[in-house]
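The values are calculated or read from the model by the stated rules, or taken from the named source; none is laboratory data. Since this is a predicted model, take the numbers as computed values, not measurements. Cβ placement follows ideal geometry from the backbone for every residue including glycine, while neighbour counts extend to all protein chains displayed. Ligands, DNA and RNA are excluded from the accessible area calculation, which covers all protein heavy atoms including side chains. Shrake-Rupley method; radii C 1.70, N 1.55, O 1.52, S 1.80 Å.
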Amino acid sequence: MVSRTTEYAISLLFFAGVLALRFWIDPYLPPGFPYLTFFPAVVICGFVFGVQQGALVALLSGLAAWYFFIPPYYAFSFSPGPLTAMALYLFVVVTDLTLIHLMVRAYTAELEAQNEMTQMVEHQEVMATELDHRLKNVFATMNAVIMLSQKHASTPEELASKLRQRLNAMARSNLVLRGLKPGDEMTLDVVLLQALEPFGVDESNRFSAFGNKIAVSGQAVVVLSLILHELGTNAAKYGAFSVPAGRGDVEWTVVGPETGEALLTLRWVETGGPQPRQEPEHAGFGSTLMRRVLGSLKGTSTTTYPPSGAVVEITLPMTSVLPFPAVAAG
């Protein structure tokens with residue numbers, strides 16, 4: 001890009017050229033054409049380099065025409081004739097530069113409007129693609145929840161109750177996402193507390209959560225909210241949250257990428273719950289649900305029952321957890 005100093009230097013050289021051209025054609029011109037080469041020079045410099053450079057050329061051209069080409073020659077005459085000629089010149093160049101300024105400003109405004117329109121269209125396309133992708137994932141998750149709830153429910157009332165609870169958990173996660181302002185990010189700690197809010201974990205000292213702030217994509221928010229709600233429900237019915245002495249702790253870390261793909265590991269640990277709590281012979285709703293919905297994020301989970309209680313470990317690739325811009329930046 002040409003610097004401002006270079007623009008002024010080229011404008012001065014251009015003025016020198018048109019002045020030389022005016023001297024060269026002067027013997028062939030009848031009297032009364034002192035500005036013949038200067039008007040085009042002002043207009044060209046104004047369009048190409050800007051109004052300020054055009055004004056500089058206009059000033060120098062006016063002085064040159066006044067001194068060299070308006071009688072008496074080689075003098076600045078202040079008689080009525082030369083002053084009238086200079087007033088006419090001043091009117092023309094001011095009009096030209098004003099029109100140039102207005103045209104350039106209108107052209108710039110049009111370019112900015114076109115760029116904004118292009119950005120809006122691109123943003124709408126991205127939003128439409130993201131919405132379509134999110135809706136597909138949400139419907140797939142809902143379908144898995146309905147099928148599994150139907151399989152593990154013994155009565156219509158139980159099925160309705162379980163569906164209501166699980167769909168409410170998904171609805172809360174989507175409401176939180178809708179409440180985000182442009183540029184805001186949902187983080188894992190917020191997802192965790194929002195999913196476990198119905199169990200009152202934020203109002204007691206029986207629960208702790210530890211880990212760095214990690215931005216979470218929309219689909220990961222829905223999946224993690226559903227899984228954490230299910231873990232909280234099981235803990236409230238059968239585990240640590242069902243007795244006064246029980247407690248739950250959640251910790252998450254990111255391992256890699258020096259060993260390959262970065263992975264998020266989330267550990268759910270229950271202690272002090274009813275004893276003994278043994279691993280069921282057949283996979284229940286919670287483990288089946290986690291396997292199904294985690295599969296949409298390419299994640300896995302393992303559940304063990306040590307003497308102290310229960311431990312659930314969830315592993316997810318960070319590419320499935322982070323929002324798209326963060327993944328791209330990484």
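Brief remarks on what is shown
- Val42 fulfils the conditions (1) free of Cβ contacts under 8 Å to residues at least 24 places away in the same chain; (2) of a type in the set (A, V, I, L, M); (3) open to solvent by less than 50 Å² (accessible area, probe 1.4 Å) except for a single criterion, (1).
- Count - residues of region 24-38 that are aromatic (Phe, Trp, Tyr) and farther than 15 Å from Trp66 by Cβ: 2
Rundown of residues vs (1) outside any helix (DSSP H, G or I); (2) surrounded by 14 or more Cβ atoms within 10 Å (Cβ to Cβ), yes/no style:
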site: Phe23; (1), (2): no, no
site: Asp26; (1), (2): no, yes
site: Gly54; (1), (2): no, yes
site: Ala75; (1), (2): yes, no
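- Taken as a whole, region 29-37 holds no residue that is open to solvent by less than 60 Å² (accessible area, probe 1.4 Å) and in a helix (DSSP H, G or I).
Every residue, every condition in (1) of a type outside the set (S, T, N, Q); (2) touching a Ser or Thr at 6+ places or on another chain (Cβ under 9 Å); (3) under 23 Å from Arg4 (Cα atoms), yes or no:
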site: Ala41; (1), (2), (3): yes, yes, yes
site: Cys45; (1), (2), (3): yes, yes, yes
site: Ala65; (1), (2), (3): yes, no, no
site: Ser79; (1), (2), (3): no, no, no
site: Leu88; (1), (2), (3): yes, no, no
site: Asp96; (1), (2), (3): yes, no, yes
site: Ala109; (1), (2), (3): yes, no, yes
site: Glu112; (1), (2), (3): yes, no, yes
site: Asn115; (1), (2), (3): no, no, no
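- You will find that of Thr84, Thr95, Thr5, the residue that is open to solvent by less than 60 Å² (accessible area, probe 1.4 Å), assigned to a helix (DSSP H, G or I), on the phi < 0 side of the Ramachandran plot and not aliphatic (A, V, I, L, M) is Thr95 and no other.
- Test set (1) more than 13 Å from Ser11 (Cβ to Cβ); (2) at pLDDT 90 or above; (3) loosely packed, with under 15 Cβ neighbours inside 10 Å; (4) of a type in the set (A, V, I, L, M) - Ala64 fails condition number: (3)
- Screening Asp189 on (1) out of contact with any strand residue (DSSP E or B) (no Cβ under 8 Å at 6 or more places or on another chain); (2) modelled with pLDDT of 65 or more shows it passes everything except condition (1).
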